[in-house]
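Here's the structure, in structure tokens; my notes come after.
The values are calculated or read from the model by the stated rules, or taken from the named source; none is laboratory data. All figures in this text were calculated on a predicted structure; none of them were measured in a lab. Virtual Cβ from ideal backbone geometry, glycine too; neighbours counted across all protein chains shown. The accessibility values were calculated without ligands, DNA or RNA, using every heavy atom of the protein model including side chains. Shrake-Rupley method; radii C 1.70, N 1.55, O 1.52, S 1.80 Å.
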Amino acid sequence: MVNEQKESSSLISYNPQTNTIIIDCSKHLYPASLEDYEIWMSLAIDALIQYPKATTLVLRQSRDFIYDYEQVSMLKEIARILHKFVRVERIISLDKVTPFPDEKVESRIAFLQKLLLSDLRKDPIGAYVELNREIIRQKALLEATKSDRMKKSIAHYLNNALLPLKQALESTQLISLVKDRLVGYKVGDRSLYREIFHPVIRPNFMLTKYSILPPQNADKVTEYEIEDAKIEIYKLKDKALYYYHLIPAEFSLNEKLYEILDIARRYLSEHKPKKSDFAEPERMREVFYNIGKDLVLEIAERTGYKLSGDELNLLAKILVRYTAGYGIIELFLQDENIQDFYVNAPVGKNPVFVNHAVYGECETNIVPTYEDAEAWATRFRIESGRPLDESSPVLDTEIEVRGARARIAAITRNLSPDGLAFAFRRHRDRPWTLPLFIKYRMLNPLAAGLISFIVDGARTLLVAGTRGTGKSSLLGSIIAEIMRKYRIVSVEDTLELPMEYYINLGYNIERLKARSALSQAQNEMPADEAIRTSLRLGDSCLIIGEVRSVEAKALYESMRIGALANVVAGTIHGDSPYGVFDRVVNDLGVPKTSFKATDIIIIANKIKSADGMSMFRRVIEITEVRKEWDEDPLKEKGFVKLMDYNAKKDELEPTETLLNGESFILNEIAKRVKQFHNDWEKVWDNILLRAKMKSYLVEMSNKINNTEILEADFVVASNEKFHVFTEEVMEEHGELDYQRVYNLWKEWVDKEVRLRWS
């Protein structure tokens, strides 16, 4: 018994700073699980008697099984009962069992000893059941015995030992949860514990905590897989938000693979990426992947485990994710349904929340630790070259992994009193296109055709909306409508636009990175100076990531004096054309007359379902800015809608102004094109042709069940062919024959689809 106590105490450690009890289960055959194995429940209760201030319990094996405050509190109540009845009230004693010696004393004391010193530690529910059965037995004996002496002894035993113990147990949360479900209960059955105790699991090679089971009272509504994980979405019965349950591959490995991975991780941790390595993240990942692969294979051979090819590749990928990569962040970025996700302060006490494209705001089963937050903050500081500390408590930056990009806003003290917090805005690794937006109903073919025509007309566009409405994505799709023969200069303070992708498609692009409005990084050029610099880089289309500060004045100065002869497009916060005017003029200080340099404002917004549970991104308005006004464009009819959103039909509709050819901006474009001059029918037919082509791409995508035809690679080539065929038809016939252009273009598309995807 003494040796057992010494061995048990050697397994238990306590961290007073975090009030955490850690039980080392690594040398035992039994898996680390309170709910499944009485040995660990017994040790946990003993530890809670010794450390009553503990709020967290960790069973450590190849993974950490973490039981939170609520679960620990249930066991603490049992520990307090044990302490009270064994050490304080000394219930296992002669005076509690009988007022005088009788022949049943030894059996009663033996029962209490077994119940309190063994059963209640290992199996509190079973101990409660045994206690009830003993009470029933004693009451039956009380009724049956004829001896007054024995009646008095049994009553004493009941009133001073059994019934007080029962009352104490019934006051605990654990017994309250199961008391009505114990008819026919088999002592030793631990199924009830599995319903109550749900540890958060964290492999030893990572810091992030993970809840293995979804919440109780939740209904699964869907599930799907991403590259390295499975996603389950649950509807919580008592909450309006959904539950996003992430099951990564690294949490589903067998124990031997965990062992190999942990050994490899410890080795690689001694070879962490250097600061200089972050300059070439893809090369760094490739190096670490190859090193990890060789290391895993070597460890597996040394331990006698034969790895399959899939297991080897998976372990190497996981190693890279938690050494050269961004850890659990990468899994959220793999899910194309996620638009934003948040890590709130204080980190370690809150789960990650995600904004899902279908289910809106969702709570998740992932709980990052403070160590995670510190590691991320350090990485973002190094890679961005921007500060994040109490004197500069905001950091705007971006990251890119295979499959996705993300803009990051990190904050810390003194802005955030609870320390580090992060907001991630996810972007596709490939640009959105207008046909993709048609497929997902953000806009319709006519709107896409109109936008395409305006871009070719070299006008100035602002894409406006509130946060998270798809402004940057829509701006990225507009770039695909610019012919590759034109040079593009982009100015961004955080690199969100998919310019690198367009460069790989053959675009002539110069990217400028300006200082963030919130950053104090002195080694970066202010945004207004970056825009002025862009004007000295030659005749170019200008793409502004977001108009948000002093750069607005420089931009409008340039547009007003005609320094920009090609299309100018950018994003800005604003929920209406007048909201954009108010922001540009009143907030950013641009003169009213300069605002007239804006030609088109596209408003994107989120549309809610009637129950408020779902949100959809939609373009709700395309408005032109006319020039004949002085003070207030709203009152003086300076804003004229070309397309407006019909909520009942869930679609953009053309206004009478557009249908009747009364658009000032479109007629201004027509004046500069010989074939369109004074011929609205030709302008309208051109817009309809563009709409028809984009609609056909969506139809073809549905027909072949493949969205690759809607991606930028094909869309850019498709747009280019439209211009080539238009020129050919003009040269051949001397006039615009749109049916002939469409037939040639459609023939090309059909042929390309057969060659690429048949």
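Among the residues of the stretch 576-617, those identified as open to solvent by 40 Å² or more (accessible area, probe 1.4 Å), touching a residue at least 60 places away in the same chain (Cβ under 8 Å) and within 23 Å of residue 438 (Cβ to Cβ) are 606, 615, 616, 617. Scanning the stretch 196-208 for residues that are open to solvent by 40 Å² or more (accessible area, probe 1.4 Å) and either farther than 21 Å from residue 367 by Cα or in a strand (DSSP E or B) (or both) turns up just one, 202.
Of all residues in the stretch 237-252, exactly one satisfies the criterion of being within 14 Å of residue 330 (Cβ to Cβ) and open to solvent by 10 Å² or more (accessible area, probe 1.4 Å), namely 249.
For residue 162, the test of being open to solvent by less than 80 Å² (accessible area, probe 1.4 Å), of a type in the set (A, V, I, L, M), out of contact with any Phe, Trp or Tyr (no Cβ under 6 Å at 6 or more places or on another chain) and part of a helix (DSSP H, G or I) is passed. If you filter the stretch 541-555 down to residues that are open to solvent by less than 10 Å² (accessible area, probe 1.4 Å) and more than 17 Å from residue 471 (Cβ to Cβ), you find that the one that is modelled with the highest pLDDT is 541. Of all the criteria given as (1) surrounded by fewer than 17 Cβ atoms within 10 Å (Cβ to Cβ); (2) in a loop (DSSP other than H, G, I, E, B); (3) touching a Leu at 6+ places or on another chain (Cβ under 8 Å), the one not satisfied by residue 142 is (2). Per this entry, residue 174 is counted among residues that are among the hydrophobic types (A, V, I, L, M, F, W, C), closer than 30 Å to residue 29 by Cα and modelled with pLDDT of 95 or more.
Is it fair to say residue 316 is crowded, with 18+ Cβ neighbours inside 10 Å, over 24 Å from residue 428 (Cα atoms) and either at pLDDT below 90 or out of contact with any Pro (no Cβ under 7 Å at 6 or more places or on another chain) (or both)? Write out each step before concluding.
Values: crowded, with 18+ Cβ neighbours inside 10 Å: yes; over 24 Å from residue 428 (Cα atoms): yes; either at pLDDT below 90 or out of contact with any Pro (no Cβ under 7 Å at 6 or more places or on another chain) (or both): yes.
So residue 316 passes the test.
Screening the stretch 67-118 for helices (runs of 4 or more DSSP H) wholly inside it with 1 or more residues that are closer than 28 Å to residue 194 by Cα and under 54 Å from the mean Cα position of the chain (by Cα) returns the ranges 69-82, 105-114. State whether the residues of the stretch 341-363 include one that is of a type in the set (A, V, I, L, M, F, W, C), at pLDDT below 90, farther than 23 Å from residue 218 by Cα and touching a strand residue (DSSP E or B) at 6+ places or on another chain (Cβ under 8 Å). Scanning the stretch 341-363 turns up no residue that is of a type in the set (A, V, I, L, M, F, W, C), at pLDDT below 90, farther than 23 Å from residue 218 by Cα and touching a strand residue (DSSP E or B) at 6+ places or on another chain (Cβ under 8 Å).
With respect to (1) out of contact with any Lys or Arg (no Cβ under 7 Å at 6 or more places or on another chain); (2) open to solvent by less than 50 Å² (accessible area, probe 1.4 Å); (3) free of Cβ contacts under 8 Å to residues at least 24 places away in the same chain; (4) under 25 Å from residue 492 (Cβ atoms), the lone exception for residue 646 is condition (4).
When the residues of the stretch 321-363 are filtered to those that are open to solvent by 10 Å² or more (accessible area, probe 1.4 Å) and among the β-branched types (Val, Ile, Thr), the one that is nearest to residue 423 (Cα to Cα) is 347. Residues in the stretch 708-758 that are over 15 Å from residue 689 (Cβ atoms), among the aliphatic types (A, V, I, L, M) and surrounded by 13 or more Cβ atoms within 10 Å (Cβ to Cβ): 709, 710, 712, 715, 716, 717, 753.
Would you point out which residue out of 685, 679 is in contact with a helix residue (DSSP H, G or I) (Cβ under 6 Å, 6 or more places away or on another chain) and open to solvent by 30 Å² or more (accessible area, probe 1.4 Å)?
On the way: 679 fails: in contact with a helix residue (DSSP H, G or I) (Cβ under 6 Å, 6 or more places away or on another chain).
From the options 685, 679, the qualifying one is 685.
Taking residues in the stretch 477-488 that are at pLDDT 95 or above, and partners anywhere that are open to solvent by 10 Å² or more (accessible area, probe 1.4 Å) and not aliphatic (A, V, I, L, M), the pairs with Cβ atoms closer than 6 Å and at least 6 places apart or on different chains are 477/432.
Note on the stretch 224-268: residues that are among the aromatic types (Phe, Trp, Tyr), in contact (Cβ under 8 Å) with a residue 40 or more places away in the chain and assigned to a helix (DSSP H, G or I) total 2. Look at residue 350 and say whether it is in a loop (DSSP other than H, G, I, E, B), within 17 Å of the chain's Cα centre (by Cα) and over 30 Å from residue 504 (Cα atoms). When the stated conditions are applied, residue 350 passes them. Of all residues assigned to the stretch 692-707, none qualifies as being more than 21 Å from residue 473 (Cβ to Cβ), open to solvent by less than 70 Å² (accessible area, probe 1.4 Å) and without any contact (Cβ under 8 Å) to a residue 40 or more places away in the chain.
Tally the residues that are assigned to a loop (DSSP other than H, G, I, E, B) and over 22 Å from residue 173 (Cβ atoms), restricting the search to the stretch 50-66. Of the residues in the stretch 50-66, 2 are assigned to a loop (DSSP other than H, G, I, E, B) and over 22 Å from residue 173 (Cβ atoms).
Please work out if residue 148 is open to solvent by 70 Å² or more (accessible area, probe 1.4 Å), acidic (Asp, Glu) and either over 47 Å from the mean Cα position of the chain (by Cα) or under 24 Å from residue 22 (Cβ atoms) (or both). Here the answer is yes, as residue 148 does meet what is asked. Scanning the stretch 66-92 for residues that are open to solvent by 30 Å² or more (accessible area, probe 1.4 Å), more than 21 Å from residue 114 (Cα to Cα) and touching a residue at least 12 places away in the same chain (Cβ under 8 Å) yields 68, 69.
All of 36, 46, 95 fail the test of being crowded, with 18+ Cβ neighbours inside 10 Å and of a type outside the set (A, V, I, L, M), apart from 46.
Residue 562 fulfils the conditions (1) modelled with pLDDT under 85; (2) closer than 27 Å to residue 380 by Cα except for a single criterion, (2). On the stretch given as the stretch 293-307, residues that are without any contact (Cβ under 8 Å) to a residue 24 or more places away in the chain and over 16 Å from residue 250 (Cα atoms) total 7.
Table: residues versus (1) β-branched (Val, Ile, Thr); (2) more than 36 Å from the chain's Cα centre (by Cα).
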residue: 655; (1), (2): yes, yes
residue: 665; (1), (2): yes, yes
residue: 673; (1), (2): yes, yes
residue: 699; (1), (2): no, no
residue: 703; (1), (2): no, no
residue: 707; (1), (2): yes, no
residue: 715; (1), (2): yes, no
residue: 721; (1), (2): no, yes
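Out of 98, 145, one residue alone is polar (S, T, N, Q) and at pLDDT below 90. It is 98.
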